[in-house]
Structures are given as structure tokens and as C-alpha cells.
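As C-alpha cells, the structure follows; a few thoughts come after it.
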Amino acid sequence: MQIHETAFVVSTYRSHYEDISKDIYAKLWNNPSTDSLIPEILENVSAYEAILHSLRNRFFYESMKYFFESNKGGTLINFGSGFSMYQFLMDDNVSTIEIDKKDIIDYKKKKIDQWIQEKKLPNRHILYVSLDFNTLSEEEIVESLKPYIKKGPVFILLEGVLFFLDRQTTKKLFKVFKNIQRSGDIVGSVSYLPEIENTEVYKRLLHYFDSHNDTNDSFSHQTISNSYYENIDGYTLKEQVDEYSLAKTYASEFGINDKNQILNEHLYLLERD
Ligand SMILES: C[S@@+](CC[C@H](N)C(=O)[O-])C[C@H]1O[C@@H](n2cnc3c(N)ncnc32)[C@H](O)[C@@H]1O
């Protein structure tokens, strides 16, 4: 599986549980080729992947809605935005900067422009920037984004991306965030704890990626401890929750009772000092 295919898979997961994810537009990205990948993942890795990704979306949907409503608008910068659709779920006083690799950004812009014209999506102020976090320097990323950030406060989202990056690139991104954010701005981030590496379900996930890596699309399988987030320069960890706990709040009917049997991601909100 190529990394961009993971973006289609995540978006399809969200469309499976719209009332949990709150993403009423995710289904626009559904396509037969992604649909054909999903049964094997649910069967051979974990049956709960679609519900967990919908819970993840719900957490950031609620966090950003609260942030932008309290501040009467602002800018959402979505790093590794894939096919996520928060920009249409927020009010129209929110501007969005979508950042991803060129092939994703070109395809996303083309489709979104078309769907806005067809009135399948509401009009929003969206800017698209194609960047590769691995190859560009901190200064290059900051320079390419700064001219676009016109309206504070800024909520940066880094969702479903850190698993694919190494620690050096992660460090670089948090320096970029520190540079472009002001006091009170928020970063939302997602990662696995290192402990998950001992679980069977995580081993099945890695096996799935290894056995479907037809393009040598290499990535890092990064996991991150809580203490890493507690020690990021310029930020204070404000909130942390895992998908296991979110399931108790929003999806108790699914009977998710053992955190070691699921791909339990941890979600973080960090505030710029
Ligand atoms: C699993 S998808 C998640 C997409 C979206 N954030 C979501 O949660 O729906 C991972 C995304 O990270 C992007 N990505 C991975 N490595 C990247 C890099 N080095 N530079 C820019 N984007 C990257 C991929 O292209 C992909 O869109």
C-alpha cells in the first residue's frame, strides 16, 4: 500500500460511521479501489479500525469547533491533510491551509473545486500547499507557509501522519509550528505509544504494510511516548485522550473492552506558550 492510499482508507473509514465521525462529506472520496482494500484490513489486522478512525475524527472535530467558535474564526493548518474534510465542517469564518505531498494536493484541489461548483460542498476559503516534510528544511517550510497565514488564532492539525515520519522530521515540524504559531494557538497531534509495539494487533498492522508494500514506499513506524509531548519546546500539553476512552464516550455499543486488542492511538492537544 502506498502512503497516499492510506489517506483514502482513513476517509472511507470515516464515512462508515458518519454519526460518530461527524464527517458528512467523507463519502465523496469513496471509490471501488479503496473499498476493495478494506475488508482484508478489518479481517486480518483489526475489526475496529473504521470505528477508531471515526472516533479520532470526532475528537478533532469537537476540539476545533470549540476553538474556532470561542475565537470567532481563525486559521486551520492541516499538515498531511490527506482527504480530511474539516474545512467544510467548520463555520465559514475559518480559513484552511491544506498541506500534503504534491500528488495528493493536486488531486484534492481538483476534486474539491469541482464539488464546490456542483454545490456538493459549501464555499470555503482554502489554500493548498504541496510540501514534503522529509526533504525540505525548517526554514523552507516556514517561508512557504508564512505569507498565507493571514488570520489568527491558528490550529495546527497533525493527524495520522507521525507514524510515517522519523524522529528528526518530527522535531523539525514542531520547530516549524513554534515559529508560525503565537501564544494560545493549538497543535492537535496523534501517535501510538511505544508500548503498542509488544501487542499482536500492532504486529499484524506492520505485517500488513510490509506484505503490501508494492512500491517500496518506505516509512518509519514511529511511536512516541507521552513524555516526548510533555517536553516539546514552546508548548504545554493541555489534553490527552486515547481512542479506547473515546469509545466509552461515543461508541459504547461496540463493546471495546481491551485496549491491547485494538490499534489504540493517543490524541494530544498542545498549547503554544
Ligand atoms: C494516513 S494519511 C492521513 C491523512 C489525514 N490527516 C487524515 O487523518 O485523514 C497520511 C497523510 O500524510 C501525508 N504524508 C506522509 N508523509 C508525508 C511527508 N513526508 N510530507 C507531506 N505529507 C506526508 C500522506 O501523503 C497522507 O496524506
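Values as computed for the structure displayed
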{"item": "LEU28 vs. criteria under 19 Å from the mean Cα position of the chain (by Cα), surrounded by fewer than 20 Cβ atoms within 10 Å (Cβ to Cβ) and away from the ligand (no atom under 12 Å from the Cβ)", "result": "yes"}
{"item": "Sole exception among (1) farther than 28 Å from ILE126 by Cα; (2) more than 13 Å from the ligand (Cβ to nearest atom); (3) surrounded by fewer than 20 Cβ atoms within 10 Å (Cβ to Cβ) for GLN222, by number", "result": "(2)"}
{"item": "Pairs where the first residue, in the range 155-183, is more than 9 Å from the ligand (Cβ to nearest atom) and the second is of a type outside the set (A, V, I, L, M, F, W, C) and at pLDDT below 95, C-beta under 7 Å, 6+ apart", "result": "ASP166/SER220"}
{"item": "ASP19 of a type outside the set (Val, Ile, Thr), away from the ligand (no atom under 13 Å from the Cβ) and closer than 16 Å to PHE60 by Cα", "result": "yes"}
{"item": "Matching residues in the range 145-171 - criterion: being more than 26 Å from ASP258 (Cβ to Cβ) and surrounded by 18 or more Cβ atoms within 10 Å (Cβ to Cβ)", "result": "LEU145, PRO153, VAL154, PHE155, ILE156, LEU157, LEU158, VAL161, PHE164, LEU165, THR169, THR170"}
{"item": "Among (1) acidic (Asp, Glu); (2) without any contact (Cβ under 8 Å) to a residue 24 or more places away in the chain; (3) touching a Pro at 6+ places or on another chain (Cβ under 8 Å) - the single one GLU230 does not satisfy", "result": "(3)"}
{"item": "Among (1) within 24 Å of ASN257 (Cα to Cα); (2) aliphatic (A, V, I, L, M); (3) crowded, with 16+ Cβ neighbours inside 10 Å, the one test that ALA47 misses", "result": "(3)"}
{"item": "Filter pass, VAL142 being within 16 Å of the ligand (Cβ to nearest atom), part of a helix (DSSP H, G or I) and not acidic (Asp, Glu)", "result": "yes"}
{"item": "Sole exception among (1) among the basic types (Lys, Arg); (2) farther than 26 Å from GLU265 by Cα; (3) surrounded by 15 or more Cβ atoms within 10 Å (Cβ to Cβ) for LYS101, by number", "result": "(2)"}
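The values are calculated or read from the model by the stated rules, or taken from the named source; none is laboratory data. Just so it is clear, the model here is predicted, and its values are computed rather than measured. Virtual Cβ from ideal backbone geometry, glycine too; neighbours counted across all protein chains shown.
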